[in-house]
Amino acid sequence: MQELAITVIGHDRPGIVADVAGVLAGLGANLTDSTMTRLRGHFAMTLVCNGPEPAAVEVALAPLTADGQLLATVRAVEPDAGNAPHGEPYLVSVHGADRLGIVAAVTRVVEEEGGNVTDLTTRLTGPLYLLIAEVDLPPAAADRLADRLHEVAKTLDVEVTLRRAESDLL
């Protein structure tokens, strides 16, 4: 068994998660980390599992992709070294009118302050755009990042908040 990264994307329909999970369980693959969501009517799944050779998984998933409605990719990856996060967990939230460049500007400032985005979700509901990101920040970087995020928020005409994440919520 080896560590595999698998993605499945396509038009959403009931049963995709059950179908993919069933195929993987049938191969003896153990799902360790996954994220699955619906994006404007499209299903997106990314997962890491311990399983057989990538080619065997691709063959087993082929019936699910045969009609062209889903695309699946499988690749072997190196196992995580198990290192603890390098920083303190924070949540960044942005909301306001949708405009080009919100994700780019916010994540660039996080990166420039030494932060690492560990999870990011965006949603557009009518004219309202929402971004929520989990970030790891170096010690003592939060105040400086908050100031820089507020500067970016002014240029984008959005609201931004940065707050320490509760470890039991992550």
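The values are calculated or read from the model by the stated rules, or taken from the named source; none is laboratory data. On a predicted model such as this, the values are computed, not experimentally measured, just so you know. With ideal geometry, Cβ positions are generated from the backbone for all residues, glycine too; neighbour counts draw on all protein chains shown. Surface areas here come from the heavy atoms of the whole protein model, side chains and all, with no ligands, DNA or RNA. Shrake-Rupley method; radii C 1.70, N 1.55, O 1.52, S 1.80 Å.
Go through region 125-170 and count every residue that is touching a residue at least 60 places away in the same chain (Cβ under 8 Å) and hydroxyl-bearing (Ser, Thr, Tyr). Summing the residues that are touching a residue at least 60 places away in the same chain (Cβ under 8 Å) and hydroxyl-bearing (Ser, Thr, Tyr) in region 125-170 gives 2.
Here residue 151 meets each of (1) among the charged types (D, E, K, R); (2) more than 21 Å from residue 17 (Cα to Cα); (3) part of a strand (DSSP E or B) with one exception, condition (3). Scanning region 131-150 turns up at least one residue that is more than 25 Å from residue 41 (Cα to Cα), modelled with pLDDT under 95 and of a type outside the set (Val, Ile, Thr). Would it be correct to say that residue 131 is among the hydrophobic types (A, V, I, L, M, F, W, C), under 16 Å from the mean Cα position of the chain (by Cα) and open to solvent by 60 Å² or more (accessible area, probe 1.4 Å)? So residue 131 does not fit the description; no. Among the residues of region 52-87, the ones that are modelled with pLDDT under 95 and either within 30 Å of residue 159 (Cα to Cα) or not aliphatic (A, V, I, L, M) (or both) come to 8 in all.
With respect to the stated conditions, residue 159 fails to be closer than 28 Å to residue 33 by Cβ, at pLDDT 95 or above, in a strand (DSSP E or B) and not hydrophobic (A, V, I, L, M, F, W, C).
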